[in-house]
Amino acid sequence: MRYFVMLLVLVLMSCSKSVTDPTPQIVFSLKEGMDKSDAAFQLDLFREALATSDPGKNTVLSPLSVYLALSMVYHGSDGITRQEMREVLGLDAMTETEIQLYHQLLLDFLEQADARSTFVAANGIFYDDQRINPYEEFLGVNGLYYDAEIKTLDFAAATAPQDINQWVDEKTNGLIEKIIESIREEESMFVLNTLYYKGGWSDPFNEELTSERNFQKANGSEELVQMMSKDETLDHVIHEDYSAVDLPLGDSVFSMTLLVPHQESARDFAARLTAGDLETIWDQMRSGRTLLSVPRFEVSVKLELKETLESMGMPTAFSNGANFTRLGSAAGNIFLTRVDHKTYLKVDEKGAEGAAVTSVGVGVTSLPPMVQLDRPFLFILRDRTFNQIVFIGLIENPNEAPAD
């Protein structure tokens, strides 16, 4: 079997909300004011991260988590730093009030959309009041619109990293135990976002049909994996360049899109994938009988995104020339030291469960189409209403051991 791209998409459908609920319409209206969609930033981020990842290794991240963490930090920026962040995040055409309201309503909607799935976002700001004096307006905006927990902490204490990691562990339901190894001398604050998702397939895979089959990796070698299978009516598209199928989760509010290119390598396909390409794939899908094979997998990946974000257009935030004069005051100039990011995702016969944390620091006629993810693939877990990419990744090896 060959390598494939699996596109896992966490999808949120507006039909899950009452027609009298104005939230989706308000969010759509605010979103239309953006220079580019959230998905554009999210795909840009994935492509940049992919470009620096090791070939043959799984690359997974949560663009939504990174987006939310940076959005909180954005409220403390000014000058060139603020303009660069606005452009990278796609906020340039929105007012400050629109940005705040958009993020607040989006998070409220995502968390309440599906009674049969769990989506929880948590935001936090940890700071040492001996090293920095955050302004009340900065803390207030993040507390009100992002529901951020504000905590003071002695960063010089040996237990400080443990205290932050314990918060992360609790908010990710134990899926991510640690994000910070140590606190540097120059660091005075951490702005964090965590996401947790758990949802069962609307129609689970039959475990008795799971079997050991070959998976062809990008280098041509084969490895045995546990391959799940089903014969079901699903939304799908068979294109000359790729095949894609959409698997609903929960009340069909969320879904996982699996995408496998026919000739091109999964990595090359992913490297040129745009938000517009994804919209086209989803728009072209039609319901019909589908034979699907996809491996079980469990992945955990940690990334340092400072250089990625600098390449995307916001280098000033990480430099001595950074302007975060709306964030607070300190003895020296305030700048971003790092952006650490970690994801965990497990996909099996029952469904999908994942968490993320960002810390800033063919076929034959008459037969149904067959989609076999037996080679490297791209996955995207998204919200179907607003196309927020919760998780995205390139699976080169389903058997790769999760990172510590």
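Read-outs throughout are calculated quantities, based only on the coordinates presented, and are distinct from any laboratory measurement. Please read these numbers as outputs of a predicted model, since none were measured by experiment. Methodologically, a virtual Cβ is constructed for each residue, glycine included, from the backbone with ideal geometry; neighbour enumeration extends over all protein chains shown.
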Quiz item: For segment 130-176, what's the radius of gyration and Dmax over Cα atoms, in angstrom?
Solution: 12.8, 33
Practice problem: Please identify every one of the trypsin sites (Lys or Arg not before Pro) in segment 215-280 that sits in a loop by DSSP and has no more than 13 other beta carbons within 10 Å of its own beta carbon. | Solution: Arg272
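Taking each pair of different alpha-carbon atoms in segment 238-363 once, compute 1/r for the pair, average those values, and report the inverse of that mean as the Kirkwood hydrodynamic radius in Å to one decimal.
Numbers: mean 1/r = 0.0544 Å⁻¹.
Hydrodynamic radius (Kirkwood, Cα only) of segment 238-363 equals 18.4 Å.
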Exercise. Apply the Karplus parameterisation 6.51 cos²θ - 1.76 cosθ + 1.60, with θ equal to phi minus 60°, to every residue of segment 62-76 and state each ³J(HN,Hα) to the nearest whole Hz, in sequence, with x for glycine and proline.
Key: 10, x, 5, 4, 4, 4, 5, 4, 5, 5, 5, 5, 3, 5, x
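At 0.36 nm per residue, minus the direct Cα-Cα distance, what do Ala115 and Gln83 gain on full extension? Give it in nm, one decimal, please.
7.6 nm is the gain from fully extending Ala115 to Gln83.
For the pairs Lys151/Lys178; Lys230/Lys342; Lys230/Lys302; Lys217/Lys306; Lys57/Lys302, flag any whose C-alpha to C-alpha distance is greater than 21 Å. Write down the numbers at each step before the final one.
Details: Lys151/Lys178 18 Å; Lys230/Lys342 31 Å; Lys230/Lys302 32 Å; Lys217/Lys306 29 Å; Lys57/Lys302 12 Å.
Over 21 Å apart, Cα to Cα: Lys230/Lys342; Lys230/Lys302; Lys217/Lys306.
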Quiz prompt | Spatial separation of Cα centroids for segment 312-337 and segment 76-153, in angstrom | solution = 17 Å
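With only alpha-carbon pairs counted, each pair once and no self-pairs, how large is the Kirkwood hydrodynamic radius of the chain in angstroms? Numbers along the way, then the final one.
Details: mean 1/r = 0.0464 Å⁻¹.
Answer for the chain: a Kirkwood hydrodynamic radius of 21.5 Å.
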Quiz prompt | At most 16 other Cβ within 10 Å, DSSP loop - trypsin sites (Lys or Arg not before Pro), segment 94-163 | solution = Arg116
Exercise. In nm, give the distance between the simple-model label positions of Ala271 and Gln284, each being 7 Å from the Cα along the Cα-to-Cβ direction.
Key: 2.2 nm
Quiz item: Under the Karplus relation 6.51 cos²θ - 1.76 cosθ + 1.60, θ = phi - 60°, what is the ordered set of whole-Hz ³J(HN,Hα) values for segment 186-195, x standing for Gly and Pro?
Solution: 7, 8, 10, 7, 10, 9, 10, 10, 10, 10
Quiz item: To the nearest Å, what is the center-to-center distance of segment 179-207 and segment 239-269, using C-alpha atoms only?
Solution: 24 Å
Self-check item: Integer Hz, Karplus 6.51/-1.76/1.60 couplings in order for segment 52-59, x for Gly and Pro
Solution: 9, 7, 7, x, x, 9, 5, 10
Practice problem: Pull up all non-local amide H partners of Met256: gap of 5 or more, or a different chain, and H-to-H distance under 5 Å with H placed in the peptide plane. | Solution: Val9, Leu247, Leu249
Quiz item: Based solely on its DSSP helices, what 222 nm [θ] is calculated for the chain when runs of n ≥ 4 H residues each add -39,500 (n - 2.57) and the sum is averaged over all residues, nearest 500 deg cm²/dmol?
Solution: -8000 deg cm²/dmol
Quiz item: Which far-off residues, 5 or more places away or on another chain, put their amide H under 5 Å from the one on Val339, with H placed in the peptide plane?
Solution: Leu305, Lys306
